[in-house]
1. When the stretch 63-108 is examined, which residues are found to be surrounded by 15 or more Cβ atoms within 10 Å (Cβ to Cβ), modelled with pLDDT of 85 or more and outside any helix (DSSP H, G or I)?
2. Keeping to the stretch 1-45, report how many residues are out of contact with any Lys or Arg (no Cβ under 8 Å at 6 or more places or on another chain), within 24 Å of Arg61 (Cβ to Cβ) and not hydroxyl-bearing (Ser, Thr, Tyr).
3. Quick one: in the stretch 49-62, which of the residues that are out of contact with any helix residue (DSSP H, G or I) (no Cβ under 8 Å at 6 or more places or on another chain) and surrounded by fewer than 11 Cβ atoms within 10 Å (Cβ to Cβ) is nearest to Glu33 (Cα to Cα)?
4. Cβ contacts < 6 Å: first residue more than 30 Å from Ala96 (Cβ to Cβ), restricted to the stretch 1-26; second residue at pLDDT below 95, any location; separation 6+ or different chain. Result?
5. With (1) touching a residue at least 12 places away in the same chain (Cβ under 8 Å); (2) more than 27 Å from Leu99 (Cβ to Cβ); (3) hydrophobic (A, V, I, L, M, F, W, C) as the list, and Leu211 as the residue in question, which single condition is left unmet?
6. Condition first: within 11 Å of Val274 (Cα to Cα) and under 26 Å from the mean Cα position of the chain (by Cα). Now tell me which residues in the stretch 206-232 satisfy that.
7. Only one of these conditions is not met by Leu50: (1) under 27 Å from Arg97 (Cα atoms); (2) not in a loop (DSSP other than H, G, I, E, B). Which number is it?
Amino acid sequence: MQPDFRAALVFLSRRVLHPLVRILVRFGVSAGELKAIVDSVYAHAGSEYLTRQGERVTYSRLAVITGINRSFLPAILATPQDRFQPRSNTQLHRAARVLNGWYDDVHFQTRTGDPALLQISGQKRSFQQLAERYSGGVYYQTLLSELLRVGAVKRMGVDHVRALRRSLSAGGASADAVLAAGDNAGDLLETLEHNLAAHSHEQLPIRSLVLPVDARSLPLFRAQVARRADALMEVIETFLQSHRPETTRNGAHTGRPTTRAAGEDQTLMLGATVFAVCRNQEASAQQRKPAVRKTASGRRIRRR
């Protein structure tokens, strides 16, 4: 692979993953959990890719194109993606593992099955013992500081601590909001994927403009984009409603005559998403695109 192209792919990966990982860190998803999710997505996406290429899907072929150990692939592919589970408890966030142990291990529960009030230190039913059993080697004071910071536990007096909730995050976003974010991000990336593989006349329109402005203009910008986005959505909805596929009595789509091959699905899901962009200037500088220059012969060389 050309160095410039690999550098561009690394930039794409980091640019996509950085905001995603910030979300995951905020809600207590560990790097091990993300790695297991990535393996699952790689396995399923690799299988789809081979199928679309007209190739036979085998574990050996998938291992070659995904880099996943062949022995893991049967279990990964047998599990639907919406029922994802980490392969082992060690892939979970360490603080989450401690909370799970507090709620599940009878040694750290009250008689009614609730998380018990624990002494912070000591080798008999203490937070220190809990951390040593479930954290995987992290110092108990470090874990306690993190759990106190996110508000998952509360210090009681000088030397006791109580669990307040099982999750690391108190919220700030509902499950529906997270699902909607996933839909929006997925739609944008699928459009970008389509455009990277399609001829110019088949690409879907993407327009982007980002300029430095006075921070005080943000409220006005937010209002302007929202108002104009609503107007654009009304125009697009009118267009889409006027091109809805016709249906027969049995529910089959009749559609309109097209140049598609016989038997090919003639119904598409079309739409548009408008979102505003607000970049942190310092973060943007750290994620700067890899610079390139051209030699006299026109060959592009990455600047170091």
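1. Result: Ile68, single match.
2. 12
3. So, considering only residues that are out of contact with any helix residue (DSSP H, G or I) (no Cβ under 8 Å at 6 or more places or on another chain) and surrounded by fewer than 11 Cβ atoms within 10 Å (Cβ to Cβ), the one nearest to Glu33 (Cα to Cα) is Arg52.
4. Pro3/Arg302; Asp4/Val292; Asp4/Arg300; Asp4/Arg302; Ala7/Pro290; Ala7/Arg302; Phe11/Lys289; Phe11/Pro290
5. The number of the failed condition is (1).
6. Scanning the stretch 206-232 gives Ile206, Arg207, Ser208, Val225, Ala226, Ala229.
7. Against the list (1) under 27 Å from Arg97 (Cα atoms); (2) not in a loop (DSSP other than H, G, I, E, B), Leu50 comes up short only on (1).
Residue by residue, here is whether (1) over 23 Å from Thr110 (Cα atoms); (2) among the hydroxyl-bearing types (Ser, Thr, Tyr) holds:
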{"residue": "Phe127", "(1), (2)": "no, no"}
{"residue": "Tyr134", "(1), (2)": "no, yes"}
{"residue": "Val150", "(1), (2)": "yes, no"}
{"residue": "Ser167", "(1), (2)": "no, yes"}
{"residue": "Ala181", "(1), (2)": "yes, no"}
{"residue": "Ala185", "(1), (2)": "yes, no"}
{"residue": "Leu189", "(1), (2)": "yes, no"}
{"residue": "Leu196", "(1), (2)": "yes, no"}
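The values are calculated or read from the model by the stated rules, or taken from the named source; none is laboratory data. Note that the coordinates shown come from a computational prediction; the quantities given were computed from them, not determined experimentally. Cβ: placed from backbone, ideal geometry, glycine included. Neighbour counts: every protein chain shown.
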